[in-house]
1. Loop only per DSSP, at most 15 neighbouring Cβ atoms within 10 Å: give me the trypsin sites (Lys or Arg not before Pro) in region 6-103, ordered by residue number.
2. Using a Förster distance of 22 Å, how high is the FRET efficiency between Lys58 and Thr145, based on the Cβ-Cβ distance and rounded to 0.05?
3. On alpha carbon coordinates alone, what is the Rg over Rh value for the chain, Rh being the Kirkwood radius?
4. What 222 nm value per residue comes from the helices of the chain, counting each DSSP H run with n ≥ 4 as -39,500 (n - 2.57) and dividing by all residues, nearest 500 deg cm²/dmol?
5. What percent does the relative contact order of region 24-147 come to when contacts are Cα pairs within less than 8 Å and at least six residues apart?
Amino acid sequence: MSTLDIAYHRQVEIAAPAEEVAGVLRDVAGWPRWNASVARIDRPASGALTVGETIRLKQHRLPANTWTVTRVDGSGFVWTATSPGVRTTGDHQVRPTGPGRSEATLTLRLDGPLARLTALFGGRLIRRYLDLEAEGLRREVERDTAR
């Protein structure tokens, strides 16, 4: 059986340095404060996000899922979660676009034999949640920068 790779992307311009934006993204324990799609984050570790770490994420209208961090660097992080027939990869990257400005790119990639079915029934919610994450991130960072 062949697999299908489907990706959703959301980019947002933010009036803050890339390092600040990436720091807010990597602080996943704080996501419920600014990301309206997130109901709860259970992160057993503290301190900096690390490769191999697992984090339990509960989003509204979805079952809780365990994400494993696969990459962390100064520009963001990547994590993956698996469910029957689908592997989901979330990529959170930030790049500078000018003095005190940056662009965050949020990507959710689905692959596996049930990726197409997941996209068919869940694509609208995925796009909505990426919008909520992007706009929440922008508001959170710009509010912090204004202080």
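1. Arg61
2. 0.15
3. When Rh is taken as the Kirkwood radius, the ratio is 0.96.
4. -10000 deg cm²/dmol
5. That works out to 19 percent.
Taken together, the values in this text are just the output of simple stated rules run on the coordinates, not laboratory data. Quantities reported herein were computed from a predicted structural model and do not represent experimental measurements. Please note: Cβ atoms are built from the backbone with ideal geometry, for glycine as well, and neighbour counts cover all protein chains shown.
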